[in-house]
Amino acid sequence: MPDLLDTYIENRERVQPTDANNYGTAHGGFVTKWMDEVGALSAMRFAGESCVTASIDQMSFERPIPVGDTAVIRAYVYDAGRTSVHVKLEADREAPRTGEREQTTESYFVFVAVDDEGTPQPVPELTTGSERGERLRKRALDGRND
């Protein structure tokens, strides 16, 4: 059974002018796309199958990411159903020269594991074999809006 920490993925995207809106900050659609891609990788690592986006439970844009800064995207699986994989996603803005960070966006995505024909596939049970994994899972479950 996969452990929560096995699904933890962090990725970076440098915000370029072509990623920006009229205010010189990352367009929300690009941030959503980056989060969806990293979330799918986390879900696939857990499920051992291809995963497709089923829903975005919420998307909170708390502050902008300016052009030139880096978007740091973190994802991990915190829960699973029969074929569904629940992924917590967070984005930070990071100053490339100093490493200073602040959270900008938070979300909860649900993916479905599918085979090559697109038929939903069962997923394994999620385990948390460490205190850090338990803390991450609890934080995700506590923050979810059901």
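The values are calculated or read from the model by the stated rules, or taken from the named source; none is laboratory data. On a predicted model such as this, the values are computed, not experimentally measured, just so you know. Cβ: placed from backbone, ideal geometry, glycine included. Neighbour counts: every protein chain shown. To get the accessible areas, we keep the full protein, side chains included, count just its heavy atoms, and leave off ligands, DNA and RNA. Shrake-Rupley method; radii C 1.70, N 1.55, O 1.52, S 1.80 Å.
Structure notes:
- Between L5 and Q103, the C-beta separation translates, for a Förster distance of 22 Å, into a calculated FRET efficiency of about 0.60.
- Most mobile of T25, T98, T127 in a GNM of the chain (Cα contacts under 10 Å): T98
- Nearest-ten-degree value, helix 131-143 long axis tilted from longest Cα axis of the chain: 80
- Qualifying trypsin sites (Lys or Arg not before Pro) in the stretch 83-134, DSSP loop, other Cβ atoms within 10 Å at most 14: R97
- Portion, in percent, of the accessible area of the chain that falls on carbon or sulfur, probe 1.4 Å: 46
- C-alpha center-to-center spacing [the stretch 1-51, the stretch 99-146] in angstrom: 12
- Residue-span extension gain [Q121 to R12] - 0.36 nm each, minus C-alpha spacing: 36.2 nm
- Contour minus Cα-Cα distance for R139 and M59 (0.36 nm per residue): 27.2 nm
- The three principal axes of the C-alpha atoms in the chain carry coordinate ranges of 43, 37, 27 Å, sorted with the longest axis first.
- With all protein chains kept in place, the per residue accessible area of the stretch 33-75 amounts to 44 square angstrom at a probe of 1.4 angstrom.
- Under-5 Å amide H pairs with T105, H placed in peptide plane, nonlocal only: E62, A91
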